[in-house]
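Take a look at the structure set out below.
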Amino acid sequence: MNEYFINNATDTIPSNNTTNVIRNSKAIDYHRSLSVYQSTPLVSLNGLARKYNVGNIFVKDESYRFGLNAFKGLGASYAIHKILQDNPDITTFCTATDGNHGRAVAWASRLAGKKVVVFVPKDTVESRIKAIESEGAVVINTDLHYDETCEIARATSLKEGWQLVQDTAWKDYEEIPALIKAGYQTHFQELEPEIHSLPNPKIDLVFLQAGVGSWAASAIWYYLNRYGKNRPKIVVVEPNEAAGILASFEAGKRVSPDGTFKTIMAGLNCGIPSSSSWDIIKSGTDITIKIKDEFAEQAIRELYYPNGDDQRIVAGESGVGGLAGFIALMTNPDMQILRDTLGITTHTNVLFYNTEGATDPINFNKIISSKP
């Protein structure tokens, strides 16, 4: 597999149930009704922008979201809210997760007064398991890879009569992943007043990290719906050993990646892309790249040890995926073609989303033990 793929994006939103659910949702109204709701900050990093010779760098810091240290609560809470509107008698929710989604489902279930069972794949670190358990969940380690763990959660939910809340879609399971994507729309919409208040409010380039692609697809839908062909350029970033979207672009269809699934970017350590995300991603992605873990480590240090007067940002291994991809793209001489394709100049405004804080404190402290 190559390190990157340059896509000829159509800039059209597919017409299907998933995109209809997103279009008709008002997730931000629901989230604003929660007592714990607060918009997460947009941070300007002028020193980092000077270091990489671009116009401006902005980071939407989701580590503050709902006290969960990650953005996933947006999707899980809205999906569970909508599910219970239709079926309030549900007693137990279930999901499979690498960490943040499971904690979010557990939190939202507890908020609704429901039980929850969370299946985690092998190599899930203890700190993430404890975070899920802290929300009242029963956690079961399958000792399997992510895709296999999703299947265990699906089969067990069917057998036990539990309600599955999974953020990846497959045949005959698309409504709930669509509701999760709809929930993510909140933090894209939150950005609008902040961006429009900037001296130069145009964002030229957005980097999106991806696992199964649900969040990336939600972001791409937002940019296509809001800006159409005037949208910013979009780069999707994956771990080197779990690059299902890149593999699917190369194959021309959804496929599982040929990798070891060994990466510190646990939240992105997934297999085949979500079926309901793939068509959206194809329509609005300009470039997809895969990166080695060392770039995630460098990105964590770049944010933790600020450049100049920049604000410190505490970001986890998956949370920095977009920035890690940017660093790889800007520092690798072999990626000059990508810089040219994206039209990166000293005036380019770049946006990243820090989708999680330090969810693995042991590894985080190891990474920051040396400065960049």
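The values are calculated or read from the model by the stated rules, or taken from the named source; none is laboratory data. These numbers were taken from a predicted model, which means no experiment stands behind them. All Cβ positions, glycine included, derive from the backbone under ideal geometry; neighbour counts span all protein chains shown.
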Pick out the one residue from THR124, THR40, THR95 that is outside any helix (DSSP H, G or I) and assigned by TED's automatic domain parsing to the domain that holds SER25.
-> THR40
Considering only region 119-146, state which residues are closer than 21 Å to LEU268 by Cβ, among the small types (Gly, Ala, Ser) and buried (at least 20 other Cβ atoms within 10 Å of the Cβ).
-> ALA131
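Which one of GLY316, GLY322 is modelled with pLDDT of 95 or more, under 15 Å from the mean Cα position of the chain (by Cα) and closer than 19 Å to PHE249 by Cβ?
Working: GLY316 fails: closer than 19 Å to PHE249 by Cβ.
None of the other options fit; the residue is GLY322.
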Within region 101-143, residues under 13 Å from ASP360 (Cβ atoms) and among the small types (Gly, Ala, Ser) come out as SER127, ALA131
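Yes/no matrix, rows are residues, columns are (1) within 22 Å of GLY357 (Cα to Cα); (2) hydrophobic (A, V, I, L, M, F, W, C); (3) in contact (Cβ under 8 Å) with a residue 60 or more places away in the chain:
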{"site": "ALA76", "(1), (2), (3)": "yes, yes, yes"}
{"site": "LEU84", "(1), (2), (3)": "no, yes, no"}
{"site": "ARG103", "(1), (2), (3)": "yes, no, no"}
{"site": "ALA112", "(1), (2), (3)": "no, yes, no"}
{"site": "GLU135", "(1), (2), (3)": "yes, no, no"}
{"site": "TYR146", "(1), (2), (3)": "yes, no, yes"}
{"site": "ALA155", "(1), (2), (3)": "no, yes, no"}
{"site": "ASP167", "(1), (2), (3)": "yes, no, yes"}
From the list SER318, SER277, SER256, which one is touching a residue at least 60 places away in the same chain (Cβ under 8 Å), of a type in the set (S, T, N, Q), closer than 30 Å to LYS202 by Cα and out of contact with any Leu (no Cβ under 9 Å at 6 or more places or on another chain)?
-> SER277
Going through (1) among the hydrophobic types (A, V, I, L, M, F, W, C); (2) at pLDDT 95 or above; (3) under 29 Å from GLY259 (Cβ atoms) one by one, ALA169 fails only at (2)
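Would region 149-160 turn up any residue that is part of a loop (DSSP other than H, G, I, E, B) and either touching a Lys or Arg at 6+ places or on another chain (Cβ under 8 Å) or crowded, with 16+ Cβ neighbours inside 10 Å (or both)?
Keep residues of region 149-160 that are part of a loop (DSSP other than H, G, I, E, B), which gives none.
No, region 149-160 contains no residue that is part of a loop (DSSP other than H, G, I, E, B) and either touching a Lys or Arg at 6+ places or on another chain (Cβ under 8 Å) or crowded, with 16+ Cβ neighbours inside 10 Å (or both).
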Of the residues in region 110-134, those that are under 21 Å from the mean Cα position of the chain (by Cα) and closer than 27 Å to GLN85 by Cβ number 3
In region 276-334, anything within 26 Å of ASN7 (Cα to Cα) and among the polar types (S, T, N, Q) is listed as SER276, SER277, SER283, THR285, THR288, SER318, THR331, ASN332
How many residues are assigned to a helix (DSSP H, G or I) and either in the same structural domain as GLN166 (by TED's automatic domain parsing) or touching a helix residue (DSSP H, G or I) at 6+ places or on another chain (Cβ under 8 Å) (or both) if we restrict to region 240-296?
-> 16
